[in-house]
């Protein structure tokens, strides 16, 4: 069993597990931090951006953390744990010869589709007349300025996919529900478990009858909107692959939420605008819920909230229909029936308005001061670029970063100098090191595999030994492009004995509570399932002239006899011989046992502790009789 | 032999009060817990005293599963859990869990408040009962306990309807509840994978019907409504608040839009608004088309359909009214029916099945004079139309489901005996599987023949695989030999050598030696070589070696030659073999006794 690690990014994992005869890809996260190397894509032509020296305004290109470590066309299935970890799907399923199936939950598919659609839309609405690729040449890259010079593997950076590729990739997704058992080729069973991080997010169990691998990715123990994490099903794993821990181990999500609200209120009261660069699904639901409770007490009742994204409406609508995937509190609301998220009420009372983009209705209905939620959090593309240009110059305004994926300083770099206030309250609800060590104590996997980043404290806080995983036995670290041999010894496999054969077995008790039976059977293997059937009887020999020759034919099927165990006790054996009319027996004692001389028959039987030797000439009937008598005292195995 | 017992307490050769007991692998499961619409006495509920005479059912049932929210499938639930007594888990899907208590409360109100019955379950009991409900998701495998697992499949029929697959060890049963094999305007079609259950328990409401295409029925329906409206008549459509109602509303809504009709459409009871809301929130349970477009246009927001008020019934002019309940046995639909029955311009369209004993059933059977409470009679002059819109599988659909699931046995419930009999014949003929149709209180026993799961040591299995080459040859079955160790509850199949080791036993070698006299005028080495050549020609497919130390080995049988001192032509062959080679050894000794053929070099 092997694990191929295709991504070094601990929260955007991409691993391939070879288990029994299957090749399973676990997640395919897309590391988009490389877009920070590019200039923002403005919606309106910006003279400032295009005049910055030494930079080329270019298409948003995305880094794909893939290597030719293995042939992607051999992948049988891809298991997706949450919608953030599937953004590279079109790169893998399209143009690589991939013919397998992708498994994901329904919310993951629907929201994942929205997020991809959004990125594609952001890219396609600002088409570039030209795109440069020559700079990717190593010789030229060497001469480029700044961070671009040091970027690794730029030749793996790819252009953003198209909507057509997204649709084709997503058509390969098969929907699964939590705890659904999915058989892969009869060899392996996979099953998603609730991971508590986002709508439909899951951890995966990959198991056969005797081996169990747990894949934990992006899990949360906080009570937010999704269904709580299923921990108990992770127990008894041989190997637990741990990825997607919090990227902000020192930031408490609740504290950050409080800071978010107070900064927002402060800015609005002072007459400024608030910009929240965020993804269109996920934490935004919690932010809106928090604001719903906060608005009245902070007397923000008249402040407009805008959510601008090509998928804003869909995201808000979809969030309301996944009752099965929500936490208990929200489920109960659906039973009433009421919408599970309070943003429905915010929309109804016109406090929250959503628009597909800044064009159209938004420009006429837009009132300031206001709060705007929009993407993309990297500040490189999407409507957020426009608001940065619009509001950046005034110190009344505030930008509040809530997404932890990008360094906010890097994100802001091209907009400097900036007068607007910047507040960084990253909200990452995924497991922190304290929670994860508690979890591991509980579920007790035999081995833990994790990205190497988790086995040492963060570079900037090297004294914080509490910000790493300390386990006994130590976890097996992986980095990008490593291939791990998982410590597994498969020793047993499941077979099914058909009833007919099962009925014909004759068990004998060897020790109290332990019985054995010898089994001779035909193995049928089909779809990786093995069944044992009775050995078919040889067809009856036709009673013809040939009959005489039967004896001349050697035995066709070699049926080896079972092994024997036990010992032949002398006295009892002699008594048995007597019963069968063999009376003239001369017993001679040897070093290891006895030699019996059957005088009338001129036959020797050598009896020893661990063996019996019958020397008998020219008397087949006698030999077989003696054989059967000896066998009476022995156990067959 | 293990067996599975199925006993219907209700819905055995009958429609109404579905309640089926299944015992499988030592587990007892109750499938549905419904009430009978046709009765107002004890027969209304299933006879739970069948399970136990004294007291609570908790000890006798491992779980209760409710397939969907119709009262003939869940109406007796609070009575069973709170009045008879059951504290174990009750499983149902999320939409069922949401809607079921509302219908139960409605039912309770009609029975207690309107009819004044006492000794009936209370609102609090409904609440307490619902606390015992564990929600089920589609395709989720729920482990009820270590051995019993259940899995829900989409059944169509109504919002949240599910079929359940119940599995204990390698035995399994599928219960369909009510299902629909053709998608309609708001729900998808039932689907199940090839799970090959031991028994498929299927409803058979429309066992003998093969319905024409849905389009024709819809056109018919619209034509009848339209005609009636044109001549100024009033149309009453008795429905249940959830289910068919929504489908027909979508149908009329689009028709009104297209034809630009002005006559009002009303929907009775306060449930409407709420009901449509359930459809909006559980949109993932509707059909693909609605699910795909719901962000742009939610099909459950109706423009033409307004809430009904009791006073509207006397308004002049045409109108269409959807009123509950669907079988005209009580409530608003019955009131409106009484008001409109006298006018032949009016029409009542029954879009679903009506249970025996209800007014719906009576008028459908052509009864024109109805006896009402207080000896009054009611002349029925309005037109009575029946349109089968209720979403049950027809005969074709049932056969289709059998093909999907490939059960080993079939069991029919929720249908009329005569019709069942007909379908039973068809099933047995077409699929050659046994088909059962037990009456209420009657037990169908099906013996199963499960195979025994065993853990085989991988080395033994791999050795076996390697022996036969990569591809199995069906003509030459490979035989595997091993030892099955039965210890406590584990069954392990290992090679005999490993079994000895694992059990800490010593091997006992049993050997045979046999001397064979032979006349052969050659030197000893020549004789040996002649034997080698002879055996080579006789024994095809065996390993035969001529070893330099003066022996011939056939597999592990050793043959040596020596000549007697007196006569150098009289050879003595020494054969030695172990018990494991007994067959071959015995064969060789007999063969060599016959001497060597002369033609050997």
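Bear in mind that the values in this text are calculations on the coordinates, not laboratory data. All figures in this text were calculated on a predicted structure; none of them were measured in a lab. Backbone-built Cβ (ideal geometry, glycine too); neighbour counts: all protein chains shown.
For A:353, B:262, the sequence from fewest to most other C-beta atoms within 10 Å is B:262, A:353. The C-alpha atoms of the stretch B:100-256 occupy a region whose extents along the principal axes are 65, 45, 27 Å, arranged from largest to smallest.
Measuring max minus min along each principal axis, the C-alpha atoms of the stretch A:241-345 give extents of 42, 39, 29 Å (largest first). Here the convex hull built on the C-alpha positions of the stretch B:511-594 has a volume of 87 cubic angstrom per residue. In summary, the convex hull built on the alpha carbon positions of chain B has an orientation-averaged projected area of 39.8 nm². Each of A:317, A:338 was scored by other Cβ atoms within 10 Å of its Cβ. Arranged with the fewest first, they read A:338, A:317.
Simple spin-label estimate for residue B:537 and residue A:189 gives 5.9 nm between the two label positions (7 Å along the Cα-to-Cβ direction from each Cα). Helical runs assigned H by DSSP (4 residues or longer) give chain B a calculated mean residue ellipticity at 222 nm of -8500 deg cm²/dmol, each run adding -39500 (n - 2.57) before division by the residue total. Let a ≥ b ≥ c be the square roots of the eigenvalues of the Cα gyration tensor of the protein assembly as shown; is it rounded (a/c under 1.5), or, if not, prolate (a/b larger than b/c) or oblate? Because a/c hits 1.5 or more and a/b fails to exceed b/c, the protein assembly as shown counts as oblate. Neighbour counts of other Cβ atoms within 10 Å put B:194, B:97, A:158 in the fewest-to-most order B:194, A:158, B:97. In this simple spin-label approximation, residue B:297 and residue A:463 carry label points 7 Å from Cα along the Cα→Cβ vector, and these lie 6.6 nm apart.
Take the Cβ atoms of residue B:462 and residue A:494, set R0 to 22 Å, and the FRET efficiency comes out at 0.95. Beta bridges per DSSP, both residues in chain A: antiparallel share near 55 percent. If R0 is 35 Å, what FRET efficiency do you get for residue A:247 and residue A:396 from their C-beta distance, rounded to 0.05? About 0.70, to the nearest 0.05.
For the stretch A:564-636, a Kirkwood radius taken over Cα pairs fed into Stokes-Einstein (25 °C, viscosity 0.890 mPa s) yields D = 199 µm²/s. With the Kirkwood sum run over all distinct C-alpha pairs, the stretch A:253-424 has a hydrodynamic radius of 16.5 Å.
Take each residue in B:568-580, count the other chain C-beta atoms within 10 Å of its C-beta, and the mean is 2.
Kirkwood hydrodynamic radius computed over the stretch A:205-274 comes to 15.5 Å, based on all pairs of distinct alpha carbons. For the stretch B:1-88, the alpha carbon positions stretch 41, 27, 23 Å along the principal axes, listed from largest to smallest.
Give me the tail of P(r) for the stretch B:1-157 as a percent: Cα-Cα pairs with distance above 22 Å. Of all Cα-Cα pairs in the stretch B:1-157, 38 percent lie more than 22 Å apart. For the peptide A:322-333, the mean number of other protein chain Cβ atoms found within 10 angstrom of a residue's Cβ is 3. Counting Cβ atoms of other protein chains within 10 Å of each residue's Cβ and taking the mean over peptide B:453-463 gives 5. The modelled label-to-label distance between residue B:215 and residue B:590, using points 7 Å beyond Cα along the C-beta direction, is 7.6 nm.
In units of the compact-protein estimate 2.2 N^0.38 Å, the stretch B:217-270 shows a Cα radius of gyration of 1.11. Taking packing as the residue-averaged number of other Cβ atoms within 10 angstrom, the listed peptides B:511-524, A:267-280 run from highest to lowest as A:267-280, B:511-524. Restricting the calculation to Cα atoms, the stretch B:214-386 yields a radius of gyration followed by a Dmax of 16.2, 55 Å. For residue B:570 and residue A:506, FRET efficiency with R0 = 45 Å and r from the beta-carbon atoms, rounded to 0.05? Approximately 0.45, to the nearest 0.05. Here the mean projected area of the convex hull built on the C-alpha positions of chain A is 44.7 nm². For Cα pairs less than 8 Å apart in space and 6+ apart in sequence, what is the mean separation divided by the residue count of chain B, i.e. the relative contact order in percent? So the answer I get is 14 percent. Only beta bridges with both residues in the protein assembly as shown are counted; by DSSP, about 60 percent of them are antiparallel.
Label point 7 Å out from residue A:96 along Cα-to-Cβ: which residues of the stretch A:164-191 have amide N under 19 Å? In the stretch A:164-191, the label zone of residue A:96 (backbone N under 19 Å from the point 7 Å along Cα→Cβ) covers A:164-174. Ellipsoid fit via the Cα gyration tensor, the stretch B:348-439: semi-axes of 37, 14, 9 Å, each the root of five times an eigenvalue, largest first.
Peptides A:302-313, B:318-329, A:568-579 ranked from most to least packed by the mean count of surrounding Cβ atoms within 10 Å: B:318-329, A:302-313, A:568-579. For the stretch B:310-400, the fraction of C-alpha pairs farther apart than 22 angstrom is 30 percent.
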